[in-house]
1. Let me confirm something: among 17, 52, which residue is more than 24 Å from residue 231 (Cβ to Cβ) and modelled with pLDDT of 90 or more?
2. Could you say which residue among 130, 117 is in contact with a helix residue (DSSP H, G or I) (Cβ under 8 Å, 6 or more places away or on another chain), modelled with pLDDT under 90 and among the charged types (D, E, K, R)?
3. If you go through the range 460-500 one residue at a time, how many are under 17 Å from residue 174 (Cβ atoms), without any contact (Cβ under 8 Å) to a residue 40 or more places away in the chain and not in a loop (DSSP other than H, G, I, E, B)?
4. Please specify each residue of the range 303-325 satisfying the condition of being small (Gly, Ala, Ser), closer than 16 Å to residue 457 by Cβ and surrounded by 13 or more Cβ atoms within 10 Å (Cβ to Cβ).
5. Which numbered condition in (1) surrounded by 13 or more Cβ atoms within 10 Å (Cβ to Cβ); (2) farther than 25 Å from residue 49 by Cα is the only one that residue 144 fails?
6. Collect the residues in the range 70-100 that are hydrophobic (A, V, I, L, M, F, W, C) and closer than 26 Å to residue 56 by Cα, keeping them in residue-number order.
7. Could you tell me which of the residues 218, 264, 240 is hydrophobic (A, V, I, L, M, F, W, C) and out of contact with any strand residue (DSSP E or B) (no Cβ under 9 Å at 6 or more places or on another chain)?
Amino acid sequence: MSTPAIELKNITKTFGSITANKNVCLTVNSGEILSLLGENGSGKTTLMNMISGIYFPDAGQIFIDGKEAVIRSPKDAFDYKIGMIHQHFKLVDIFTAAENVVLGLKEDGKYNIKEVEKKVAEISSRYGFEISPSKKIYEMSVSEKQTVEIIKVLYRGANILILDEPTAVLTPQETQKLFAVLRKMKEDGKAIVIITHKLHEVLDISDRVSVLRKGEYIGTLNTAETNEAELTEMMVGKKISLDINRSEPENCVDRLKVESLNCIDSDGVKVLSDISFTARGGEILGVAGIAGSGQKELLEAIAGLQKYDSGSIIYSDPKSGKDVNLKNKSPYQIKELGVRLSFVPEDRLGMGLVGNMDITDNMMLRSYRKGRGAFLKRNAPRELAKTIVKDLEVVTPSINTPIRRLSGGNVQKVLVGREISLSPSVLMTAYAVRGLDINSSYLIYNLLNSQKEKGVAVIFVGEDLDVLIDLCDKIMVLSSGAVTGIVDAKTTTKEELGRLMTKNSKGGADSEQ
């Protein structure tokens with residue numbers, strides 16, 4: 001039997017009182033793709049960061065090609081022919097692809113950039129990459145930038161490649177192109193580890209799959225001999241239904257009409273261009289698009305947080321039955337009408353929660369204006385805090401714990417739970433399950449479905465196209481701040497959504513097959 005490319009024996013890593021990895025044993029073979037699966041916080045990235053030299057284990061051993069390795073820095077990792085492609089790219093925007101590839105390499109004399117470009121072209125041809133070595137990074141799509149990162153480690157001679165959530169920001173078409181490249185690398189004898197949480201992709205691309213749970217190694221299975229339900233149970237520790245119970249829309253009414261909305265940001269860049277759509281009570285409208293396509297600006301414009309230059313946002317008030325123009329209304333006035341924004345950005349504490357305040361006090365942020373006198377009533381907010389903690393399974397020592405001490409996923413549950421508790425007539429959520437484990441994600445999906453069944457117009461900005469198709473009734477696709485299509489979720493495909501996501505406003509496609 002051949003020697004594994006990597007073998008980990010009893011790897012342990014702690015950060016203060018938190019154990020990120022505990023006695024993890026794992027092997028990766030040359031000529032295979034291993035998926036490393038686990039919920040957020042299960043220790044996947046920490047483990048791979050030890051192989052790539054970013055962290056050093058507190059205990060345990062790492063063997064490369066059968067020999068014990070001491071990896072104290074990324075340079076040591078490169079010496080062992082290990083390369084890691086991180087979720088957040090480390091590229092210099094004003095340099096070309098070839099210049100980024102050799103950046104930081106020590107060679108005698110000056111670089112011959114033509115020779116570098118030639119070698120980059122050879123690597124691209126060998127594995128099926130589509131990249132121009134002389135193209136500047138700032139001119140590239142997300143998938144092209146990722147390609148540069150992969151070529152960068154291959155140029156340095158990497159035989160072991162680790163990719164952290166490589167498909168998180170790719171369209172389905174780009175994902176399939178990446179998988180084709182990875183399969184060619186596998187045929188070439190490379191050992192490839194993919195850190196991911198997308199089960200259908202695990203089953204598509206990997207030969208074996210290893211599962212971590214709460215920092216501990218649970219087991220490794222041959223991908224061909226397992227399924228999503230078994231892998232989920234290994235990740236979570238219990239059986240979980242992976243069905244989103246989408247109900248049929250009933251008694252739908254137009255609740256929010258956006259017409260010809262245009263928005264220019266503070267730098268003079270047009271971020272929304274002629275956006276028109278209707279959100280209906282009793283339906284979930286999904287919003288798809290590559291990151292930065294205008295999703296954030298659209299929701300903030302509706303919520304009164306972003307000024308827009310032209311167009312209209314008309315809200316149909318279910319109490320009075322009258323149409324209300326939201327232009328020039330303050331965020332507070334818009335909230336009082338029943339339009340609620342639960343927007344979960346990268347900085348979860350930056351939108352509506354105060355880190356130093358506890359859960360109860362954060363519930364009161366939405367109602368403090370109604371208080372009278374020097375003291376506010378805390379009973380109702382306290383009960384609401386207890387309900388959210390119980391129903392959404394928020395992990396917290398108590399409702400008196402400052403929000404900043406909770407994990408990102410638990411902060412998210414508090415934020416989404418609070419907005420839903422306010423009985424909105426329009427509920428907008430962006431990236432509501434980002435950072436949440438599978439169990440918590442399905443809790444949120446079911447909550448949104450129950451809001452829809454109560455006649456709420458739900459606008460759901462999401463990243464996972466499978467979830468958008470299963471959860472939503474209609475899906476609007478944005479590309480470069482413009483609507484490229486509104487489709488029926490029951491009849492569309494990921495491929496159609498992917499084409500619309502890369503379509504430009506002139507009707508062409510930026511990166512179609």
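1. The conditions single out 52.
2. 130
3. Residues in the range 460-500 being under 17 Å from residue 174 (Cβ atoms), without any contact (Cβ under 8 Å) to a residue 40 or more places away in the chain and not in a loop (DSSP other than H, G, I, E, B): 2 in total.
4. Across the range 303-325, the qualifying residues are 303, 316.
5. Every listed condition holds for residue 144 apart from (2).
6. 70, 71, 77, 78, 82, 84, 85, 89, 91
7. Answer to the check: 240.
Residue-wise test of (1) surrounded by fewer than 19 Cβ atoms within 10 Å (Cβ to Cβ); (2) modelled with pLDDT of 95 or more; (3) among the charged types (D, E, K, R); (4) farther than 21 Å from residue 252 by Cβ.
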position	(1), (2), (3), (4)
457	no, no, no, no
462	no, no, no, no
465	no, no, no, yes
476	no, yes, no, no
479	no, no, no, yes
484	no, yes, no, yes
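The values are calculated or read from the model by the stated rules, or taken from the named source; none is laboratory data. All of these numbers come straight from a predicted model, not from anything done at the bench. Cβ sites come from the backbone with ideal geometry, for glycine too, and all protein chains shown count toward neighbours.
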